[in-house]
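Throughout, read-outs are computed from the coordinates displayed, never taken from laboratory work. Owing to the predicted nature of the structure, the values given are computational and were not obtained by experimental measurement. Cβ atoms come from the backbone with ideal geometry, glycine included; neighbour counts cover every protein chain shown.
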Amino acid sequence: MIDLTRAQFMRRFALGLGLSLMVAACGGADTGTGDAPEAGGGVLKVATEPAFPPFESQGADGELEGFDIDLMTAIGETAGLEIQFESLPFDGIIPALQAGTVDAAISGMTITEERAKTVDFSSPYFKAGLAIAVQEGTDDIAGFEDLEGKKIAVQIGTTGASEAAKIPGAEISTFDSAPLALQELVNGNVDAVINDAPVTLFAISSDNLTGLKVVGELLTEEFYGIALPKDSENLAAVNEALASMIADGTYAEIYQEWFGAEPPTLPESAF
Ligand code: GLN
C-alpha cells in the first residue's frame, strides 16, 4: 500500500466517501430551537458517548454538539418526539438499550451484523470507514499488513478494536474514548491507532493533536445507524423522519453544516 500525505488521503477520502473538505466548516448547526415538538409528544431518551467529534462532543458550555446531535434533534422535531440526550460510555450503550434504560442511541455507531442480533438499527445515516493513524515520522507502517506485532491503541468496544484484534502478534491497548487512544499515539506509547476515519481526520486537523498522519487506505466501509431496542415501537417513526429529511433537504443541510459537502447517497440497508 502507498503512503499518502494527509492532503492526498483527504482527497481520496472525499472521493471515496462523497465528502470533501469535511474538516472545514465544522461550525455548529442551529437546529435545536428548544420549542416543544408539534406532534406526538412522546419523549425519546437517546444515549450518546460525547467524545467523538465531529459527531458528538461537549462544547465549552457543556452542551452537546455535533452532526449526530443535530441530526437526532431534527429527527425528533420531524417525528414529534422530544429528544433527551443521555451521556454514556460507548461500551455501555448496547447494554442500556437491552436493559431498556434508554430508548435509542446515536453515537457514530456502525451497523454490524453482530450488534444487529441484540439491537435494531435505523436505516444508514452516515458512510464512514476505519483508518490507520501513525506519528508523522513513521515510515514502516503504510497499511494494515505492516501492523503485525505492533503496539496499537483502540477505543474499547468499537469496530476499530475488532479490526485490531485480527492483527497477528499486535499488542492492543484499549481506551474509553477515541481522543484518549489518539493521545497515546501522540505520546509515543503506541505505534498506531485504528479508528473511524472522519473522527481521526477531524482530530488531526483540529490542532488538538499534533504530529499525526493517516496512512494507507480505509480498512473498511461502514455505515452508522441509530440503534434502538429490539422491536422498538419508535423504529418506524425514526426511519420515516430520516427518510423525509433526506427527501426534503434537511439532512443535506445538516451534513453541509458539519462536513462542508454534499452528502453521498446512502443505501437502504448496511448489508
Ligand atoms: N463506529 C465505531 C463503532 O461503531 C466507533 C463508534 C464510537 O466510538 N462512537 O464501533
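Karplus couplings for the stretch 114-126 from phi (6.51 cos²θ - 1.76 cosθ + 1.60, θ = phi - 60°), rounded to Hz, Gly and Pro as x?
Here the 3J(HN,Hα) series is 4, 5, 5, 6, 10, 9, 9, 10, 5, 4, x, 10, 7 Hz.
Val43's amide H: which non-local residues (gap 5+, or another chain) put their own amide H closer than 5 Å, with H modeled 1.01 Å from N in plane and none for Pro or chain starts?
Glu82
Going by amide H atoms built from the backbone, whose H comes under 5 Å of the H on Phe175, apart from near neighbours?
Val154, Gln155, Ile156
Return the sequence-ordered ³J(HN,Hα) values of the stretch 199-212 in whole Hz as given by the Karplus equation 6.51 cos²θ - 1.76 cosθ + 1.60 applied to θ = phi - 60°, using x for Gly and Pro.
In residue order, the calculated couplings are 6, 5, 5, 5, 5, 5, 7, 8, 6, 6, 10, 10, x, 10 Hz.
For a 30 Å ceiling on Cα separation, which of these pairs sit above it: Lys127/Lys151; Lys127/Lys213; Lys117/Lys150; Lys151/Lys230?
Values: Lys127/Lys151 28 Å; Lys127/Lys213 21 Å; Lys117/Lys150 32 Å; Lys151/Lys230 37 Å.
Checking Cα-Cα distances, Lys117/Lys150; Lys151/Lys230 exceed 30 Å.
How many nm separate the modelled label positions at Leu180 and Thr112, each set 7 Å beyond the Cα in the direction of the Cβ?
Here the answer is 1.9 nm between the modelled labels.
Once fully extended, how much extra length lies between Glu240 and Gln256, figured as 0.36 nm per residue of separation less the alpha-carbon to alpha-carbon distance?
On the way: separation 16, 0.36 × 16 = 5.76 nm, distance 2.12 nm.
Fully extending the segment from Glu240 to Gln256 adds 3.6 nm.
Roughly how compact is the stretch 128-241, stated as its Cα Rg over 2.2 N^0.38 Å to two decimals? Don't jump to the answer; show the numbers that get you there.
On the way: Rg = 15.7 Å, N = 114, 2.2 N^0.38 = 13.3 Å.
That ratio works out to 1.18.
Can you work out the Karplus-derived ³J(HN,Hα) for every residue in the stretch 59-76? Use 6.51 cos²θ - 1.76 cosθ + 1.60 with θ = phi - 60°, whole Hz, and x for glycine or proline.
Once θ is set to phi - 60°, the couplings for the stretch 59-76 become x, 4, 8, x, 6, 6, 8, x, 4, 4, 5, 5, 5, 5, 4, 5, 4, x Hz.
Amide H to amide H under 5 Å from Gly129: which residues, 5+ apart in sequence or cross-chain, H placed 1.01 Å off N in plane?
When sequence neighbours closer than 5 places are left aside, the close amide H contacts are Ala197, Glu222.
With a 10 Å radius around each residue's Cβ, average the other Cβ atoms per peptide and rank 151-161, 137-147, highest first. Walk me through the numbers on the way to the answer.
On the way: 151-161: 23.3, 137-147: 15.2.
By packing density, highest mean first, the sequence is 151-161, 137-147.
Mind jotting down the distance between the C-alpha centroids of the stretch 220-268 and the stretch 120-185, whole Å?
Result: 25 Å between the Cα centres.
So, R0 is 51 Å and r is the distance between the beta-carbons of Glu145 and Asp231; what FRET efficiency does that work out to, to 0.05? Could the numbers behind the result be given before it?
On the way: r = 42 Å, r/R0 = 0.82.
My answer for the efficiency is 0.75.
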